[in-house]
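Peer 1: The structure that follows is given in the form of structure tokens.
The values are calculated or read from the model by the stated rules, or taken from the named source; none is laboratory data. Please read these numbers as outputs of a predicted model, since none were measured by experiment. Heads up, the Cβs are rebuilt from the backbone with ideal geometry, glycines too, and the neighbour counts pull from every protein chain shown. For accessibility, only protein heavy atoms count, side chains too; no ligands or nucleic acids. Shrake-Rupley method; radii C 1.70, N 1.55, O 1.52, S 1.80 Å.
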Amino acid sequence: MSAPMNLAVKLGPLHLKNPVLTASGTFGYGEEFEPFLDLNRLGGFVVKGLSCRPRPGNRSPRTWETPAGMLNSIGLENCGIDRFLEEKLPRLRKYRTAIIANLFGETIEEYCEVARKADAGEGLAALELNISCPNTARGGIDFGCDPEATREVVRAVRDVTSLPLMVKLTPNVTDIRPLAEAAQQGGADILSLVNTFFGMAIDIRSRRPRLSTRHGGLSGPAIKPMAIYLVDRVRAATDLPIVGIGGIRSGEDAVEFMIAGASAVQVGTGNFVDPLCSVHVLEEIETFLEKEGIQELRGLIGSLPR
Amino acid sequence: MLFETQVEVRANKILGAEIFLLTLHAPDIARAALPGQFVMLQASPSPEPLLRRPMSFCQIGPSGSPATGPETFRILYQVAGSGTRLMTRLVPGDTLSCLGPLGRGFPLLPGGHPRRVVLVAGGIGLAPFPFMAERLRGSGIAWTLLYGARSAGQIVGVDWFRQLGGDPVLVTEDGSVGEKGFVTAPLARMVEEDRDGIEVYACGPDPMLRAVARVCREGGVPCRLSLEAVMPCGFGVCLGCGVEANRPEGGYLRICTDGPVFAGEEIRF
Ligand SMILES: Cc1cc2nc3c(=O)[nH]c(=O)nc-3n(C[C@H](O)[C@H](O)[C@H](O)COP(=O)(O)OP(=O)(O)OC[C@H]3O[C@@H](n4cnc5c(N)ncnc54)[C@H](O)[C@@H]3O)c2cc1C
Ligand SMILES: Cc1cc2nc3c(=O)[nH]c(=O)nc-3n(C[C@H](O)[C@H](O)[C@H](O)COP(=O)(O)O)c2cc1C
Ligand code: FES
């Protein structure tokens, strides 16, 4: 047995013991995975998106399986930041892994309120801002689809927190580069990408949408090539560290994102298929490095010629 | 205790019109299973389809010996789409990953002091009841099965219940076997005759469950309903399987972990 490999990565101010995180909305509040895996194995985990007040979420049906993927319209159901801080976080603090709170709102004030509360919560390693949310002040267009709104919301949140700030980009734009630049200008430390792609499925017999909300977000292996493409584009536009997300199920998938420029990855839908998926991804990255004789992750990250 | 393991296919037999009985070797899961609980089963040894399928425990065992306990369990499934179609191709020796036992099943002992538990099955909703009936018999509680299906070809497993000492009441929509119509007709009669002596456990399509819930509500008979939903994870993390909660503050319950079996008054559906 060789010495355990050092897989530590630095994402600006956020230091992780390894590059494998789990994606928001696919890992509950962490505790749901305790029966399956030792959370200490992970580089970190991102909890379900949190808002100022609890949200009940959308009516059912909320999910539908598609080729190599799934659509969801959960509607950001969550217990609210207060309950998370009071009931969930204290139990999670015992873990020596990065706990990252994913936050969202419908107005800049709501984003700031939830971020201020999260900042005061003890034991969080970073905040991830979900900006794939309708901006009610601007006729409902997603914050993340509008460079101006992206800059504004990131800057406003930057002002109320000293925690490392990760901004999660939406893929539902014609050109992702101005959004990445806007997030950087707003003060983001890290960019994570991507969130789900807009999608839809129809029951051809009843001629009704499969989801109660008509449209939903597509995730899973089906989106991996599109997500890698977007990592490549973002890398060309900013020098912020990137966390790659989209259809990762294996160590090889993760390595592909890392070669494209991601310093770390998040496993999403893969957690549903196999609750141990994130740990397998980590082990397979190690195996890959060993087999290829690569000593350090640095030799891998962004090794694709620009 | 919850297990994520590789299970081996021991048999996969056709029983009726697109209805199959799958025997899986999985001692850990078989020993921990309770009636009304389910597993999330990979539908095929290949990576497609992506998500596992929720399937109820239909029968447990038989055990190798009393000392070792059961080593296998059975799943009764009906072809409903691409995943269950792939399941029909499983052959002995295939291995699949399987997660379970999951969810909260039917109460092993009925709540009040009913003289009889009435099991109401619609179509493939029969799946959890062989195991349930066996447990009820083991506890010395009387039971009756009301079993409805579209037509005779979809009626399977009647002998299992006869071997357990029951005399299933059969109902088909086309009248090809048993009474013609819906299971709620004999159910309504039983409720009428003996409303203080029965409790109802039901599993089947939503319209049937709604009708059962209505008959029970009107008759003042307690009922437990096993609900279905598309279940991406089955263990409570995706929040994809919500059913509206019947409580003042509203919100949703997760069918996979808060259910799949609910008391009629817990849900609004
Ligand atoms: C707790 C529970 C226990 C179940 N037990 C059994 C059982 O013992 N025997 C049996 O035959 N069936 C059972 N079902 C239903 C079974 O899971 C679906 O028929 C099956 O998933 C359909 O998959 P498919 O790929 O053939 O269909 P497709 O229509 O191709 O599936 C597309 C997607 O929809 C989902 N889906 C489609 N129909 C249903 C449905 N009715 N319920 C849930 N998900 C659905 C699939 O899982 C898949 O993700 C159970 C469902 C639940 C929730
Ligand atoms: C059921 C479900 C719920 C999700 N909820 C959130 C959420 O609350 N906040 C968020 O930022 N992203 C959410 N996502 C997006 C994922 O975090 C991830 O970006 C996306 O699924 C792509 O990764 P994947 O292909 O590995 O799943 C959700 C995804 C799914 C499938
Ligand atoms: S199926 Fe995922 S929460 Fe119920």
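Peer 1: Which condition breaks for A:Gly270 when tested against (1) within 27 Å of A:Pro13 (Cβ to Cβ); (2) small (Gly, Ala, Ser); (3) within 15 Å of ligand 2 (Cβ to nearest atom)?
Peer 2: Against the list (1) within 27 Å of A:Pro13 (Cβ to Cβ); (2) small (Gly, Ala, Ser); (3) within 15 Å of ligand 2 (Cβ to nearest atom), A:Gly270 comes up short only on (1).
Peer 1: If you go through region A:2-14 one residue at a time, do you hit one that is closer than 30 Å to B:Arg53 by Cβ, touching a residue at least 12 places away in the same chain (Cβ under 8 Å) and not aliphatic (A, V, I, L, M)?
Peer 2: No, there is no match, as no residue in region A:2-14 is closer than 30 Å to B:Arg53 by Cβ, touching a residue at least 12 places away in the same chain (Cβ under 8 Å) and not aliphatic (A, V, I, L, M).
Peer 1: Just name the residue that is farthest from A:Leu127 (Cα to Cα) out of those in region A:1-11 that are over 15 Å from the mean Cα position of the chain (by Cα) and open to solvent by less than 40 Å² (accessible area, probe 1.4 Å).
Peer 2: A:Leu7
Peer 1: Does B:Tyr252 satisfy being touching a Pro at 6+ places or on another chain (Cβ under 7 Å), within 16 Å of ligand 1 (Cβ to nearest atom) and aromatic (Phe, Trp, Tyr)?
Peer 2: Considered against the rule, which asks whether it is touching a Pro at 6+ places or on another chain (Cβ under 7 Å), within 16 Å of ligand 1 (Cβ to nearest atom) and aromatic (Phe, Trp, Tyr), B:Tyr252 comes out as yes.
Peer 1: Okay, moving on. Among residues belonging to region B:62-121 that are within 16 Å of ligand 3 (Cβ to nearest atom) and open to solvent by less than 30 Å² (accessible area, probe 1.4 Å), point out the one that is farthest from B:Ser46 (Cα to Cα). Before the answer, list the steps.
Peer 2: As a first pass, look at region B:62-121 and keep what is within 16 Å of ligand 3 (Cβ to nearest atom): B:83, B:98-105.
Okay, now just the ones that are also open to solvent by less than 30 Å² (accessible area, probe 1.4 Å), so B:83, B:98-103, B:105.
Details: B:Gly83: 11, B:Cys98: 14, B:Leu99: 17, B:Gly100: 20, B:Pro101: 23, B:Leu102: 23, B:Gly103: 26, B:Gly105: 30 Å.
The extreme case among them is B:Gly105.
Peer 1: Which count do you get for residues in region B:215-249 that are closer than 24 Å to B:Ala80 by Cα and either more than 8 Å from every other protein chain (Cβ to nearest Cβ) or near ligand 1 (Cβ under 9 Å from one of its atoms) (or both)?
Peer 2: Within region B:215-249, residues that are closer than 24 Å to B:Ala80 by Cα and either more than 8 Å from every other protein chain (Cβ to nearest Cβ) or near ligand 1 (Cβ under 9 Å from one of its atoms) (or both) number 10.
Peer 1: Return a yes/no flag: does region A:98-117 have any residue that is open to solvent by 50 Å² or more (accessible area, probe 1.4 Å) and within 11 Å of chain B (Cβ to nearest Cβ).
Peer 2: no
Peer 1: B:Phe262 fails exactly one of the following numbered conditions: (1) within 14 Å of ligand 1 (Cβ to nearest atom); (2) within 13 Å of another protein chain (Cβ to nearest Cβ). What is the number of that condition?
Peer 2: Unmet for B:Phe262, out of (1) within 14 Å of ligand 1 (Cβ to nearest atom); (2) within 13 Å of another protein chain (Cβ to nearest Cβ): (2).
Peer 1: Considering each of B:Gly125, B:Gly100 in turn, give the residue that is within 16 Å of ligand 1 (Cβ to nearest atom), more than 14 Å from chain A (Cβ to nearest Cβ) and closer than 27 Å to B:Arg52 by Cα.
Peer 2: Just a single option satisfies the conditions, and that option is B:Gly125.
Residues checked against (1) facing another protein chain (nearest Cβ under 10 Å); (2) open to solvent by less than 60 Å² (accessible area, probe 1.4 Å); (3) assigned to a loop (DSSP other than H, G, I, E, B):
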position	(1), (2), (3)
A:Tyr29	yes, yes, yes
A:Glu32	yes, yes, no
A:Phe36	yes, yes, yes
A:Asn40	no, yes, no
A:Phe45	no, yes, no
A:Lys48	yes, yes, yes
A:Asn58	yes, yes, yes
A:Glu65	yes, yes, no
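Peer 1: For region A:67-84, enumerate the residues that are facing chain B (nearest Cβ under 7 Å), closer than 29 Å to A:Glu110 by Cβ, touching a residue at least 40 places away in the same chain (Cβ under 8 Å) and open to solvent by 20 Å² or more (accessible area, probe 1.4 Å). First the steps, then the outcome.
Peer 2: Within region A:67-84, the subset facing chain B (nearest Cβ under 7 Å) is A:68-70, A:72, A:74, A:77.
Cutting the leftovers down to closer than 29 Å to A:Glu110 by Cβ gives us A:70, A:72, A:74, A:77.
After this cut, where a residue has to be touching a residue at least 40 places away in the same chain (Cβ under 8 Å) as well, the list is A:70, A:72, A:74.
Across region A:67-84, the qualifying residue is only A:Asn72.
Every residue, every condition in (1) open to solvent by 10 Å² or more (accessible area, probe 1.4 Å); (2) more than 29 Å from A:Met70 (Cα to Cα); (3) touching a residue at least 12 places away in the same chain (Cβ under 8 Å); (4) of a type outside the set (Gly, Ala, Ser), yes or no:
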site	(1), (2), (3), (4)
A:Ala260	no, no, yes, no
A:Pro275	no, no, yes, yes
A:Glu290	yes, yes, yes, yes
A:Ile294	yes, yes, no, yes
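Peer 1: For B:Gly204, only one of the following conditions fails: (1) within 16 Å of ligand 1 (Cβ to nearest atom); (2) touching a Lys or Arg at 6+ places or on another chain (Cβ under 7 Å); (3) of a type in the set (Gly, Ala, Ser). What is its number?
Peer 2: If we test B:Gly204 against (1) within 16 Å of ligand 1 (Cβ to nearest atom); (2) touching a Lys or Arg at 6+ places or on another chain (Cβ under 7 Å); (3) of a type in the set (Gly, Ala, Ser), just (2) comes out false.
Peer 1: I'm trying to understand the selection: among the residues of region B:255-269, which are surrounded by fewer than 23 Cβ atoms within 10 Å (Cβ to Cβ) and within 24 Å of B:Leu51 (Cα to Cα)?
Peer 2: Residues satisfying the conditions are B:Thr257, B:Asp258.
Peer 1: May I ask you to list pairs of residues, at least six apart or on different chains, whose Cβ atoms are under 9 Å apart, with the first in region B:233-250 being farther than 14 Å from A:Ser60 by Cβ and not assigned by TED's automatic domain parsing to the domain that holds B:Leu50 and the second being within 6 Å of ligand 3 (Cβ to nearest atom) and open to solvent by 30 Å² or more (accessible area, probe 1.4 Å)?
Peer 2: Pairs that qualify, where the first residue is farther than 14 Å from A:Ser60 by Cβ and not assigned by TED's automatic domain parsing to the domain that holds B:Leu50 and the partner is within 6 Å of ligand 3 (Cβ to nearest atom) and open to solvent by 30 Å² or more (accessible area, probe 1.4 Å), are B:Gly236/B:Arg254.
Peer 1: Exactly one condition in (1) free of Cβ contacts under 8 Å to residues at least 12 places away in the same chain; (2) open to solvent by less than 10 Å² (accessible area, probe 1.4 Å) is not met by B:Arg189; state its number.
Peer 2: Here B:Arg189 clears every test but (2).
Peer 1: Residues that are more than 16 Å from ligand 2 (Cβ to nearest atom) and in contact with a helix residue (DSSP H, G or I) (Cβ under 8 Å, 6 or more places away or on another chain): find the strands (runs of 3 or more DSSP E) completely inside region B:165-269 holding 1 or more of those.
Peer 2: Numbers: elements: B:169-172, B:198-203, B:223-226, B:242-244, B:252-254, B:261-263.
By residue number, B:169-172, B:198-203, B:223-226, B:252-254.
Peer 1: Kindly list the number of the only condition in (1) buried (at least 16 other Cβ atoms within 10 Å of the Cβ); (2) within 16 Å of ligand 3 (Cβ to nearest atom) that fails for A:Ser212.
Peer 2: (1)
Peer 1: Give the residue, chosen from B:Asp194, B:Asp174, that is open to solvent by less than 50 Å² (accessible area, probe 1.4 Å) and either more than 16 Å from ligand 1 (Cβ to nearest atom) or touching a residue at least 60 places away in the same chain (Cβ under 8 Å) (or both).
Peer 2: Matching residue, one of B:Asp194, B:Asp174: B:Asp194.
Peer 1: Another question, then. Can you pull out every residue in region A:127-180 that is of a type in the set (Val, Ile, Thr) and at pLDDT 95 or above?
Peer 2: Step one: filter region A:127-180 for residues of a type in the set (Val, Ile, Thr), giving A:131, A:136, A:141, A:150, A:153-154, A:157, A:160-161, A:167, A:170, A:173-174, A:176.
Within region A:127-180, A:Ile131, A:Thr150, A:Val153, A:Val154, A:Val157, A:Val160, A:Thr161, A:Val167, A:Thr170, A:Val173, A:Thr174, A:Ile176 qualify.
Peer 1: For B:Arg214, are the conditions met, namely being open to solvent by 10 Å² or more (accessible area, probe 1.4 Å) and either more than 16 Å from ligand 3 (Cβ to nearest atom) or in contact (Cβ under 8 Å) with a residue 24 or more places away in the chain (or both)?
Peer 2: In short, yes.
Peer 1: In addition: Could you run through region A:220-258 and say how many residues are open to solvent by 10 Å² or more (accessible area, probe 1.4 Å) and within 16 Å of ligand 1 (Cβ to nearest atom)?
Peer 2: Qualifying residue count, region A:220-258: 2.
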